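Here is the structure we will look at.
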Amino acid sequence: MKFFRIDLLTLLISLFILNSCKNQDTVGFTLGTKGTLSGSLVDTATVFTKTTTDDSVVTSTITKCPLGYIQDPIFGTTQADLITDLNLPNAAAYTLPAGTITIDSAVLILKYAQGFYGDSSAHNTSKYVVNVYQLAQRQASAGIYFSNTAWANQGTILGSTSMLKYNFAPRPNTKVIVDSVVSGKAPVPDTIAPQIRIPINPSFINTALFNASAATLNSNLIFENNVKGLYITIDKTQSTGTGGVMMVSGTDSLAVYIRATSGTVIDTQVVYLPTMQHASYIHFVRSPLLQSAVTNKTTLTDSTVYLQGLAGSRVKVSFPYIDSLFSNKNVGGVNNVIINRAELVVTMKPVSGDIPGYLTPLPRLSLYELDIAHQRVELPDATGLSSADAVGAFGGFYLTNVKPVNTYHFLVTSYLQNLITNKLIDYGTYLAPIDTTNTTSVDIMPSAQVAARTIAGGGHIHALDLTNPKNPQTYSMRLNVIYTKIKQ
């Protein structure tokens, strides 16, 4: 971001020249006979922060579906289960192959999407077991389902990665070698996209498809009503270690490898039952620490805040005494001030204890406000952005190579100007996790497509920092403002 590189120099020069965060210095712009335009830096704004739960999010329309179970020593446990439908081949009437059908194997295919979070090292301590059940009730056609929608299953395991000869571990970037079936010929090795392949019990396929009635095979709707769909979840009783959350494509297929025997003729083929509709059920068991943070009503501001993906938690941010920054006799009030640049800086906060290195911070955060109807809207600084550079200028990306490191920066110039001049009423301003998929605009809706989390410094009250007011709190959230006073 240009501000972080270029305006950092401006900030440093201002500090040396101004010798105080509220002293002014002429920057050389004249305003006719009314005087000169002066520039000053303020970094002593009081910031209040509170960790809150995030809103639930629609998961039936997302392109990356979370699936997994992760144990976090700070946040607690998070589980994401995947719900899919199951359709006839080509989602249309199906004619059985001629002859006697024998199922060699059946495999549920879940292709990876980018965004795995957790333990995926080559010698990881986490063992992942994924089980597949049959839904108790099918999804409604074109139904809209949220992340907190619970689903029931029929209790019988249809398939599991525990049936594999090797321990399953997420490999979202590793291609898979399988034996591809060629009609009338021996299978040949084939390299395919990274995916999870879950063995499915052939008896379920025989009952649902090959032994189904003619009416069922002639109607995809009847087939869906009979099969209900699939419930895919991590088996916590067999899984070990910290675990992780995978991102998968919700639309794929169940591949059935068969042999059709007619007399002396044996034909091999693959029958694909597509999965076309999906949803994820996300549920949290928050740690006592996080639960206390989201329910704490006694303190004005939290010194530590917690942001959790999968629509877990967000942080409310407010600047209750912003007007007082410009009320002294040298400035004369907010009507005599123009905000040149304002930036909210969020700094990752280290925590004590044994935290696995793969529990990395969220790669991106969003900053938004609520309107009078308490609906999410973009900040003025984020509206009208149409390019990646503009989105980068607004900020929110986790910075590790720009000083200060391990920070998120947000441009809030217009927002602050409107706030101090009462053109905007603060009905609520929030920091929240966001997925990095969208690079052309600023997302403000809760996201189930990122599973990471961030622990950051919260707000603080400068006026109450009496022990050593000249020593800034290293990890505290802060507002940097460069303003000019218009002399009358």
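The values are calculated or read from the model by the stated rules, or taken from the named source; none is laboratory data. Predicted model only: the values in this text are computed from it and were never measured. Please note: Cβ atoms are built from the backbone with ideal geometry, for glycine as well, and neighbour counts cover all protein chains shown. Remember, those area values only see protein heavy atoms, side chains included, never the ligands or the DNA or RNA. Shrake-Rupley method; radii C 1.70, N 1.55, O 1.52, S 1.80 Å.
Data for the structure
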| item | result |
| --- | --- |
| Inter-label distance for residue 163 and residue 373, nm, one decimal - labels placed 7 Å from Cα along Cα-to-Cβ | 5.0 |
| Greater than 21 Å apart at Cα, pairs in 50/349; 111/175; 64/175; 127/236; 127/228; 50/485 | 127/228; 50/485 |
| Two-site FRET efficiency, residue 327 against residue 383, from Cβ-Cβ distance with R₀ of 22 Å, rounded to 0.05 | 0.15 |
| Rounded, prolate or oblate (a/c below 1.5 giving rounded, otherwise prolate when a/b exceeds b/c) for region 204-357 by Cα gyration tensor | prolate |
| Share of carbon and sulfur in the accessible heavy-atom surface of region 343-385 [1.4 Å probe, %] | 56 |
| Cα→Cβ-extended label distance, 7 Å offset, between residue 259 and residue 56, nm | 4.9 |
| Potential lengthening between residue 215 and residue 400 on full extension [0.36 nm per residue; Cα-Cα distance subtracted] | 60.6 nm |
